[in-house]
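Just so you know, all these numbers are worked out from the coordinates, no wet-lab data involved. Every value quoted in this text rests on a predicted model; they were computed, and no experiment measured them. Quick reminder, even Gly has a Cβ in these numbers, built from the backbone with ideal geometry, and neighbours come from all protein chains shown.
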Amino acid sequence: MSEAPIGVFDSGVGGLTVAREIRAQLPGESLLYVGDTEHTPYGPKPIADVRRLSLAILDELVEQDVKMLVIACNTASAAVLRDARERYDVPVVEVIAPAVRAAVSATHNNRIGVLGTEATVSSRAYDDAFAAAPHLEIFSQACPMFVEYVERGDTTSPELVRYAEEYLAPIKAAGVDTVVLGCTHYPFLKGVLGYVLGPGVRLVSSDVETAQDVYRVLASNGLLNSSGRAPQYSYRATGENTEAFVNLAGRFLGPDVRHVERLMTEAINLPPSMRRA
């Protein structure tokens, strides 16, 4: 079991930031990544739909004999984390708690902003995660267009800057000194977010902290791969245009992702009503 891959799931390309950091911190581990590009973005969807989509793909990863599940999507983490930990016999790591820990350590004025999808913000998952630190003031802001811009490879356009200025205005007005990027797509927008927020605000993403959680959980469960064999990296996407996935991954992460396999919607346990024609 220790030689089995780590299963990483996201609604699209955003989770590649987490996968990249897992590879950096655990270079001996194999990865199986699935991006649900057929149904991205998850943010505007009802939580019930996000739950069905997420569990269908997590079921598929477990059937592929992964030794751990990493839900590299904030919206999916908010929707299915409890269910996933009860449903599967493998450890499950998510991205919300690691980012919260990092933000608590980073803030000096105890005022923290959270940027997320509509579903993540409305779920109040971050508010619940920050509840253990009642001295903090949390200001959440939904940024519904950000994922769509990242998924089409736009991280610098004037239109994106205008959306960022609109979304971030209440966060700036609140006087926060730390902002949590509550979606794994958002690290690709650090340039525009840093520009709009200014140099006095620290941006916190979950990739590094999530990879550290992966290491801890594998080590504590005796699941670290010590075989010495070269790791295998596999990438799958549910959408038809796998070439676009490869191009985006190459643009954002370098040439590591050379091939993406199509995971047909019919191959996962998804209701017919949720399959696109």
Taking Ile6, Ile47, Ile171 and counting other beta carbon atoms within 10 angstrom, the fewest-first order is Ile47, Ile171, Ile6
The residues Asp177, Asp256, Asp207, sorted from fewest to most surrounding Cβ atoms within 10 Å, come out as Asp256, Asp177, Asp207
Relative to the chain, whose Cα atoms define the longest principal axis, helix 74-87 and its Cα axis are tilted in degrees, nearest 10, by 40
Taking Cα atoms only, helix 207-220 is inclined relative to the longest principal axis of the chain by an angle, in degrees rounded to 10, of 40
Here region 113-125 yields Karplus 3J(HN,Hα) values (6.51, -1.76, 1.60; θ = phi - 60°; whole Hz; Gly and Pro given as x) of x, 10, 9, x, 6, 4, 5, 5, 5, 5, 6, 6, 4
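Taking the Cβ of Leu55 as the centre, find all other residues whose Cβ is under 9 Å away and add up their charges (Lys, Arg: +1; Asp, Glu: -1).
Around Leu55, the surrounding residues sum to +1.
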The size of the Cβ-based charge dipole (Lys, Arg +1; Asp, Glu -1) of region 96-206 about the Cα centre, to the nearest 20 debye, is 320
The rounded separation in angstrom of the Cα centers of region 28-45 and region 203-256 is 11
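Can you tell me what share of the DSSP beta bridges in region 96-206 is antiparallel? A percent to the nearest 5 is fine.
0
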Each label sits 7 Å from Cα toward the beta-carbon; between His259 and Ala169 the label points are separated, in nm, by 5.0
Counted neighbours (other Cβ, 10 Å), sorted fewest up, put Tyr195, Tyr33 in the order Tyr195, Tyr33
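If you add up the charges near Gly14, with Lys and Arg at +1 and Asp and Glu at -1, over every other residue whose beta carbon is less than 12 angstrom from its beta carbon, what do you get? Display every interim value, and only then the final one.
Numbers: positive: Arg20; negative: Asp10, Asp36, Glu148, Glu151, Asp207.
Computed value for this residue: -4.
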Checked region 96-206 against the a/c 1.5 cut and the a/b vs b/c comparison, axes a ≥ b ≥ c from its Cα gyration tensor; verdict prolate
Computed about the Cα centre, the charge dipole of the chain from +1 Lys/Arg and -1 Asp/Glu charges at the Cβ has a magnitude in debye, to the nearest 20, of 360
If the label point sits 7 Å along Cα→Cβ of Asp65, residues of region 229-264 with amide N under 18 Å come out as 229-235
Beyond 20 Å, the calculated P(r) of region 139-276 holds a percent of Cα-Cα pairs equal to 63
Subtracting the Cα-Cα distance of Gln25 and Arg87 from 0.36 nm times their residue separation yields 19.6 nm
To the nearest 10 degrees, the tilt of helix 242-253 (Cα long axis) against the first principal axis of the alpha carbons of the chain is 50
